[in-house]
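The values are calculated or read from the model by the stated rules, or taken from the named source; none is laboratory data. All values reported here derive from a predicted model rather than from experimental measurement. Cβ coordinates were reconstructed from backbone atoms using ideal geometry, including for glycine residues, and neighbour counts include every protein chain displayed.
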Amino acid sequence: MIIDSHCHLYDLKNYTLPEDIYPIVVGYSYSSNKKAVAIAKGKYPYVLGIAPQSAIKHGTERLEEWVDFIRENKPCAIGEVGLDYKWAETAEHVNAEKKVFSRMIELADELKIPLVIHSRNNPNDNDLPKNAVEEIMEMVGDRKVLMHFYSGSARLAEKIVDKGGYISIIHLHSKERRKVINSVPLERLLVESDSPFVGRTPEVIREAIDYISEVKQIEREKVAIKTARNAMEFFGFEV
């Protein structure tokens, strides 16, 4: 069994999972959280949260209603949540993201479950904040976190791992991602598809496993087994 640590299974139409792939179903908004519960409850682990993009799109007026739904449905983690400064266009957007993220951190503390983090820095030439990853690290402190679709530096990845965090690897190749794979021990790596938004289906985690295997010069089977075990340890379930 190999584990896709982050997929949006409810958005995969007419798709049948291969028998050897076990998905963790992730929401990012009130509507997607409801879909995640509907498709996964009693079948797969699921993660519920309000992502920064949703904070920008929907504001914060219904935040407590969203929190109540998450609390009532007992996810295995809060996510995907965080800060996304790529899409923030105004100071109001940044403030909405921070307000929602702070509330999600409080909820994770209340439920005693970890956080799945969405993070994107600001590449634009404006006066808005730039480094989302560093701000996230300050806000989460020593809490248990998984950096989903991590695209930051190897230096920051090492800091995250030193504080007890985990890094999730996608199948896409880049120079910086190779550095991250090299610098983070296998004991702190997971794999994901982020399907259908990045990988088309959960099956691309096979490519992510191959990528780690090639960079670290570790047998593919060992990578598959260890990343699955890491996912079970982080999210607190057994297959």
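For the residues ILE170, ILE209, ILE181, the requirement of being more than 16 Å from the chain's Cα centre (by Cα) and under 17 Å from PRO23 (Cβ atoms) singles out ILE209.
Would you call ILE39 on the phi < 0 side of the Ramachandran plot, touching a residue at least 40 places away in the same chain (Cβ under 8 Å) and β-branched (Val, Ile, Thr)? Break it down into steps so the answer makes sense when it comes.
Values: on the phi < 0 side of the Ramachandran plot: yes; touching a residue at least 40 places away in the same chain (Cβ under 8 Å): no; β-branched (Val, Ile, Thr): yes.
It is false that ILE39 is on the phi < 0 side of the Ramachandran plot, touching a residue at least 40 places away in the same chain (Cβ under 8 Å) and β-branched (Val, Ile, Thr).
Among the residues making up region 223-233, those that are under 11 Å from GLU187 (Cβ atoms) and not β-branched (Val, Ile, Thr) are LYS226, ARG229, ASN230, GLU233. Taking region 129-206 as the region of interest, the helices (runs of 4 or more DSSP H) fully inside it that hold 3 or more residues being in contact (Cβ under 8 Å) with a residue 40 or more places away in the chain and closer than 24 Å to ALA88 by Cα are 132-140. Name the pairs: first residue in region 75-88 and modelled with pLDDT under 95 and assigned to a loop (DSSP other than H, G, I, E, B), second residue of a type in the set (Val, Ile, Thr) and surrounded by fewer than 24 Cβ atoms within 10 Å (Cβ to Cβ), Cβ to Cβ under 7 Å, at least 6 apart or on different chains? Pairs that qualify, where the first residue is modelled with pLDDT under 95 and assigned to a loop (DSSP other than H, G, I, E, B) and the partner is of a type in the set (Val, Ile, Thr) and surrounded by fewer than 24 Cβ atoms within 10 Å (Cβ to Cβ), are TRP87/ILE56; ALA88/ILE56; ALA88/VAL94. Each residue in region 132-162 was checked for being in contact with a Leu (Cβ under 7 Å, 6 or more places away or on another chain) and either of a type in the set (A, V, I, L, M, F, W, C) or buried (at least 19 other Cβ atoms within 10 Å of the Cβ) (or both), and 7 pass.
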